[in-house]
Amino acid sequence: MKKLITMLCAAALASAPFSAIAADSSEPIVIPTHNWSSQVVMAYVIGGIFEKMGNNVEYVPADSQAVYEAIRNDDITISHEVWQSTFGKSFYNAMEKGGVIDAGTHEAETLEEMGVPQYVIDDNLCPGLPNWEALKDCHEVFATADSGGKGRWLEGPQSWHGDLMPDRIEALGLGDKYVVKFAGGADALWAELESAKKEGRGIITFNWTPNFTDAEGFVFIEFPPFFDGCRKVDGGDGSCGSPKGWLKKAANYKFPKTHPSAYKTFSKLSFSTKNIGDMASLVDIDKMSHQDAAKAWLASNEEVWKPFTE
């Protein structure tokens, strides 16, 4: 009889979905959402994977710089898009204080920089681009109603990079020809990019890769090369461009103990440039909600994410 019960139990476990046998603590895994599409969709993608493993998940809006201190204080469990050039310093500062661990690196490499849509190059609206020195002779092409006759650089929210771009304009000697305007969020960047495209006008805007714009074509301006110490906050003059960098994952130090299966999956998880661009395009091109985009991506990409759970 005991042998029969054992066999029945083994059969039940074998037929159970992995979510039923891989659950960790019943405490929720808290995932932050920021203000750009790939990060939010990926939050729901990763949360969806955790839920399929039997875990509870909560999503909370969080400042993209302060999130590492929140992880350190155990208010948030993970951060899944740690961009080297923008958030690396905040990430490492939190690690030095204790409470934050490096949970690995995505396959995708990153670049965050000012640039122009491909048609600006193709239509030769500013001859000499993408070399930054071409900007000296074509600021009128990028002027807008709110730029006072100067060319406009449309930056992301000021909370992303502080005065990085205003510092660069001054250091490059472009202050009398260009002005930086800050967008309220990623959606505002894409709306202005779409408007400029329809009108066929010049636009200089902040962008990044991986992103949905990789598919349509976007050209990053080639500024003086980045080197350690070149930025104004690090003692330099701020004229340098942005470095190509890594895309890491961060976690609270308790996560491997409270949710060992989820942490193992999270540490193995590594998305490519195409993976992340496809996630973002479901929102920014197909106009799906972030939640629906995550469900759609998970449903059509099981071969990508399931191996991370094994």
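The values are calculated or read from the model by the stated rules, or taken from the named source; none is laboratory data. Bear in mind the structure is a predicted one, so any value in this text is a computation, not a measurement. Cβ sites come from the backbone with ideal geometry, for glycine too, and all protein chains shown count toward neighbours. Note: accessible area is taken over every heavy atom of the protein model, side chains too, but ligands, DNA and RNA are not part of it. Shrake-Rupley method; radii C 1.70, N 1.55, O 1.52, S 1.80 Å.
Miscellaneous remarks
- The residues in the range 29-45 that are under 14 Å from Glu58 (Cβ atoms) and either open to solvent by 10 Å² or more (accessible area, probe 1.4 Å) or of a type in the set (Phe, Trp, Tyr) (or both) can be counted, and the count is 3.
- Boolean, Ala183 is farther than 24 Å from Phe226 by Cα and in contact with an Asp or Glu (Cβ under 7 Å, 6 or more places away or on another chain): yes
- Spans of strands (runs of 3 or more DSSP E) in the range 184-260 with at least 1 residues touching a residue at least 40 places away in the same chain (Cβ under 8 Å) and among the small types (Gly, Ala, Ser): 247-252
- Counting only strands (runs of 3 or more DSSP E) that sit completely within the range 1-108, zero hold 3 or more residues that are at pLDDT below 95 and farther than 29 Å from Glu310 by Cβ.
- Arg152 being within 23 Å of the chain's Cα centre (by Cα) and among the charged types (D, E, K, R): no
- Residue list for the range 161-187, restricted to those being open to solvent by less than 50 Å² (accessible area, probe 1.4 Å) and of a type outside the set (Gly, Ala, Ser): His161, Leu164, Met165, Pro166, Asp167, Arg168, Ile169, Leu172, Leu174, Tyr178, Val179, Val180
- Among (1) free of Cβ contacts under 8 Å to residues at least 12 places away in the same chain; (2) open to solvent by 30 Å² or more (accessible area, probe 1.4 Å) - the single one Gln158 does not satisfy: (1)
- Tyr59 fulfils the conditions (1) in contact (Cβ under 8 Å) with a residue 40 or more places away in the chain; (2) open to solvent by 10 Å² or more (accessible area, probe 1.4 Å); (3) among the hydroxyl-bearing types (Ser, Thr, Tyr) except for a single criterion, (1).
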